[in-house]
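Report on the following structure.
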Amino acid sequence: MIGNVDLTEQVLIKSATPVLDNQCLPGPTPVSPNPAYGYGLLDIYAAVQMALTPRQAAVKVTNTADEPQDQLNVVLVDKLTGYAYRAETGFDGVARIPLLYHGTYSLRISEGGTCWSSTISASRPAQSRCGKRPTASSGTSSPSSCSCPR
């Protein structure tokens, strides 16, 4: 993580202890993050533990014939922080994201103007397998179901 400000910021935000507050907010319900405390109180011990145990994501994209699909854009967006991890599928149909921290992520796979999405949890090393199938009339792709382990 040395020299990687973005990942350092992710670890500090994700390991913070939330402080609920509703100051400077329109509603009566306290939330986190908020304008008064941000994402909460820093928990340095938790941050070090998280930094020492990164996760990896491998997203394999195949068509209905189980053939790997290469050169597709894969984006995992952290639902807490909004940080986007990006990769492209290789000849084996797998996009690899080497450093990822626990949390819930939205998964987007795109090719040109077509996009598929799902949600995955990175509580332990995660692998998501999502397929696509061509439509009969246009030759473009449409999503099939995504099965994402927890």
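The values are calculated or read from the model by the stated rules, or taken from the named source; none is laboratory data. Everything numeric here is computed off the predicted structure, so don't read it as measured data. A quick note on method: Cβ atoms are made from the backbone with ideal geometry, for glycine too, and the neighbour counts reach across all protein chains shown.
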Please list, ordered by residue number, the strands (runs of 3 or more DSSP E) wholly in segment 21-117 having 3 or more residues that are surrounded by 17 or more Cβ atoms within 10 Å (Cβ to Cβ).
55-63, 73-78, 94-100, 104-111
Of the residues in segment 40-60, those that are in contact (Cβ under 8 Å) with a residue 40 or more places away in the chain and touching a Pro at 6+ places or on another chain (Cβ under 6 Å) come to 55, 56
Filter result (touching a residue at least 60 places away in the same chain (Cβ under 8 Å) and over 13 Å from residue 80 (Cβ atoms)) within segment 5-38
6, 7
Of 129, 150, 133, 96, the only residue that is at pLDDT 90 or above, out of contact with any helix residue (DSSP H, G or I) (no Cβ under 9 Å at 6 or more places or on another chain) and farther than 21 Å from residue 16 by Cα is 96
